[in-house]
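Coordinate-derived values only; no laboratory data. Note that the coordinates shown come from a computational prediction; the quantities given were computed from them, not determined experimentally. Cβ placement follows ideal geometry from the backbone for every residue including glycine, while neighbour counts extend to all protein chains displayed.
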Amino acid sequence: MKTLFEQSCPGRVGVIPRKPAKRASDMLPASLLRKEAPRLPELSELDVVRHFTGLSRLNYSVDGNFYPLGSCTMKYNAKFTEYAAALSGFSSLHPLMAQLCGAGRYTQGAFQVIWELEQQLCEITGMKAFTLQPMAGANGEFTGVMLIAAYHRDKGNKKTKIIIPDSAHGTNPASATLAGYDVVNIPSRDGIIDPEELEAVLDDEVAALMMCPNTLGLFENNLPRIVEKLRRVDALLYYDGANMNAIMGKMRVGDVGFDVVHLNLHKTFGTPHGGGGPGSGPVGVSERLVPFLPVSRVEKQQDGSFVLCYDKPKSIGYIAPFYGNFGVCLKAYAYILRLGGEGLRRASEYAVLNANYLHKKLAHTLDIPYERLCMHEFVASAPKGMRALDIAKAMLDRGVHAPTIYFPLIVSECLMFEPTETENRETLEGLVAMLEDIVKNGRENPQTLLDAPIHTPVRRLDETAAARQMILTEDMAK
Ligand SMILES: *Cc1c(COP(=O)(O)O)cnc(C)c1O
């Protein structure tokens with residue numbers, strides 16, 4: 001597809017701006033004026049519309065079709081949340097307004113949203129307090145680990161290690177390492193944490209255990225024993241709550257003894273996920289971590305008004321500029337209010353029901369390494385003699401986004417599906433029929449699998465070259 005600059009034709013016009021009342025040269029010093037006109041592409045309105053509509057069609061999205069990418073919650077997000085985020089009273093608010101004008105008098109509505117959303121997230125998770133600052137899941141994990149470090153430092157504990165099971169999401173060890181800890185990996189047994197393996201590595205230097213609920217989509221059965229073991233060495237318990245749509249309204253991590261949890265508002269709570277953001281990864285903490293939360297905090301005063309509070313001597317400081325991605329928080333606020341407690345519970349029920357339905361239905365077509373009931377997602381393996389990669393490529397040809405492949409690493413030729421709560425039964429059955437067809441074709445004519453995809457804008461890419469010889473800019477001088 002040609003760029004707008006390549007399509008440009010001298011003299012072609014899309015918009016004719018009104019003559020300004022004053023010329024720039026009357027208002028600006030000569031030194032700031034352009035010497036020559038900017039080199040903008042010259043196009044008609046129709047050229048521009050076709051260009052962007054064409055680009056949007058190259059882009060795969062959940063608004064267009066099914067997106068069963070595991071560990072990612074690529075669910076449909078209802079459009080009313082966009083309306084809430086676009087309300088001009090919020091979207092026109094300057095982030096410095098709170099500090100510079102009227103001491104927060106003009107930002108009470110925004111403060112109220114922040115404060116109430118924190119309360120709602122506390123209610124959903126059973127935690128004592130939340131910060132909305134972190135800008136993504138991984139940023140939330142980093143915040144959480146910094147809070148854990150601050151807690152141990154404050155108590156004079158000498159801690160160097162964080163335990164992470166091999167079934168964890170890849171960002172968990174990355175966040176722990178970034179925050180300065182050594183990561184101790186423990187193997188899972190039948191896909192869940194083995195209390196014996198935990199016992200074997202648990203000593204006084206362990207700062208925390210980071211748990212995912214988990215990437216295999218299995219329920220952890222040994223939580224009470226795990227919590228009890230950690231308490232003995234004053235180690236904290238971290239819950240990766242990126243995929244809350246597995247447990248909302250069913251179980252509260254605060255109630256079973258977790259000290260830190262991060263949520264991904266851009267997965268579970270009403271913001272589309274993908275394309276690099278914006279996201280939001282609020283962090284909830286138990287009582288003992290509250291003093292360390294990032295500043296500023298929005299606090300409610302006796303008269304019901306809200307203030308920004310910086311006076312928190314033990315705080316880890318700022319994690320993100322201002323109050324995080326406020327627009328994403330607004331969408332979560334609207335989503336939670338609209339669904340209510342009952343609606344959130346039903347969202348989880350549908351997410352888990354859909355995953356289990358697909359899991360069972362696919363058992364005739366793919367290999368299923370863990371036969372137990374699953375949470376909101378599950379893993380399967382390519383049938384003997386076939387590769388997960390080839391099956392994924394064949395799905396692209398049939399117009400559906402591929403599942404996550406080769407992750408987690410502990411399952412071979414792994415395909416990880418997450419149907420999410422927003423897909424209906426017909427869509428799930430369509431996927432089952434599609435995979436049956438792909439596997440049947442692959443058996444009868446293996447070359448068709450190796451050739452796929454043939455209908456996509458590009459075929460199989462040289463992924464090494466794509467990573468090593470990146471071309472990220474257009475050469476405009478050409
Ligand atoms: C998506 C995800 C993350 C990371 O979230 P980002 O917003 O992409 O940084 C962490 N843990 C789990 C389980 C996830 O699914």
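Please state the Cα pair-distance histogram of segment 319-392 with 5 angstrom bins from zero: what percent is in each bin?
For segment 319-392, the pair-distance distribution reads 3, 13, 15, 13, 12, 10, 10, 12, 8, 3, 0.
Can you give me the relative contact order of the chain as a percent, contacts being Cα pairs under 8 Å and 6 or more apart?
Contact order relative to length: 18 percent.
Using the 2.2 N^0.38 Å rule of thumb for compact globular proteins, work out how segment 250-316 stacks up: its C-alpha Rg over that value, please.
Segment 250-316 yields a ratio of 1.38.
Just to confirm a number: summing +1 for Lys and Arg and -1 for Asp and Glu over residues other than PHE80 whose beta-carbon lies under 11 angstrom from that of PHE80, what do you get?
My count for the surroundings of PHE80 gives +2.
Over the chain, one equal point on each Cα, no solvent: what is log10 I(q)/I(0) by the Debye formula at q = 0.07, 0.09, 0.10 Å⁻¹?
So the normalised log intensities are -0.46, -0.74, -0.89.
Run through every distinct alpha carbon pair of segment 197-349 and return the Kirkwood hydrodynamic radius in angstroms, one decimal place.
17.5
For segment 283-371, report the translational diffusion coefficient in µm²/s to the nearest whole number, using Stokes-Einstein at 25 °C, 0.890 mPa s, and a Kirkwood Rh over Cα pairs.
141
Taking the DSSP beta bridges in the chain as the whole, what percent of them are antiparallel, to the nearest 5?
The antiparallel proportion sits near 55 percent.
What's the exposure ranking of LYS314, LYS19, going from fewest to most Cβ atoms within 10 Å?
Fewest-to-most ranking of LYS314, LYS19: LYS19, LYS314.
Between ASP437 and LEU32, what FRET efficiency follows from the Cβ-Cβ distance if R0 is 56 Å, with the result rounded to 0.05?
Computed FRET efficiency for ASP437 and LEU32: 0.30.
Measuring from label point to label point, each 7 Å out along Cα→Cβ, what is the VAL256 to GLU228 span in nm?
Output for this residue pair reads 1.5 nm.
Kirkwood hydrodynamic radius, computed over distinct alpha-carbon pairs, for segment 1-114: how many Å, to one decimal?
This gives a value of 20.0 Å.
Please compute, over every Cα-Cα pair in segment 302-345, the percentage with a separation greater than 16 angstrom. Don't jump to the answer; show the numbers that get you there.
Details: 593 of 946 pairs.
Across segment 302-345, Cα pairs with separations above 16 Å total 63 percent.
Cα atoms only, segment 83-199: Rg and Dmax in Å?
19.5, 59
Would you kindly work out the equivalent ellipsoid of segment 374-478 from its C-alpha gyration tensor and give its semi-axes, the square roots of five times the eigenvalues, largest first in whole Å?
Semi-axis lengths for segment 374-478 are 28, 18, 16 Å.
Scan around ALA129 for amide H atoms under 5 Å from its own, H built in the peptide plane at 1.01 Å from N, and keep only partners 5 or more places away or cross-chain.
VAL285
Given the rule -39500 (n - 2.57) for each run of at least 4 DSSP H residues, summed and divided by the residues of the chain, what is its mean residue ellipticity at 222 nm, to the nearest 500 deg cm²/dmol?
-11500 deg cm²/dmol
Over all directions, what mean area does the Cα convex hull of segment 1-65 project, stated in square nanometres?
Seen from a random direction, the Cα hull of segment 1-65 projects 7.1 nm² on average.
Return the distance in nm (one decimal) between the two label points of a simple spin-label model at SER44 and SER56, each offset 7 Å from Cα along Cα→Cβ.
2.1
Kindly state, to the nearest 0.05, the FRET efficiency for LEU100 paired with GLN301, given R0 = 22 Å and r defined as their beta-carbon distance. List each step's numbers first, then the result.
Details: r = 20 Å, r/R0 = 0.93.
It comes out at approximately 0.60.
Taking each pair of different alpha-carbon atoms in segment 400-461 once, compute 1/r for the pair, average those values, and report the inverse of that mean as the Kirkwood hydrodynamic radius in Å to one decimal. Walk me through the numbers before you get to the answer.
Values: mean 1/r = 0.0733 Å⁻¹.
It works out to 13.6 Å.
Test of understanding: ordering LYS361, LYS250 by Cβ neighbours within 10 Å, fewest first, what list do you get?
Going from least to most buried by this count: LYS250, LYS361.
Can you compute the modelled spin-label distance between GLU444 and ASP203, with each label point 7 Å from Cα toward Cβ, in nm?
Reported label-point gap for GLU444 and ASP203 is 6.1 nm.
Based on alpha-carbon atoms only, what is the radius of gyration of segment 352-409 relative to the globular estimate 2.2 N^0.38 Å?
Ratio of Rg to 2.2 N^0.38 Å for segment 352-409: 1.12.
What list of ³J(HN,Hα) values in whole Hz, one per residue of segment 358-364 in order, does the Karplus curve 6.51 cos²θ - 1.76 cosθ + 1.60 (θ = phi - 60°) give from phi, with Gly and Pro shown as x?
Computed from phi, the couplings for segment 358-364 are 5, 4, 5, 5, 7, 4, 7 Hz.
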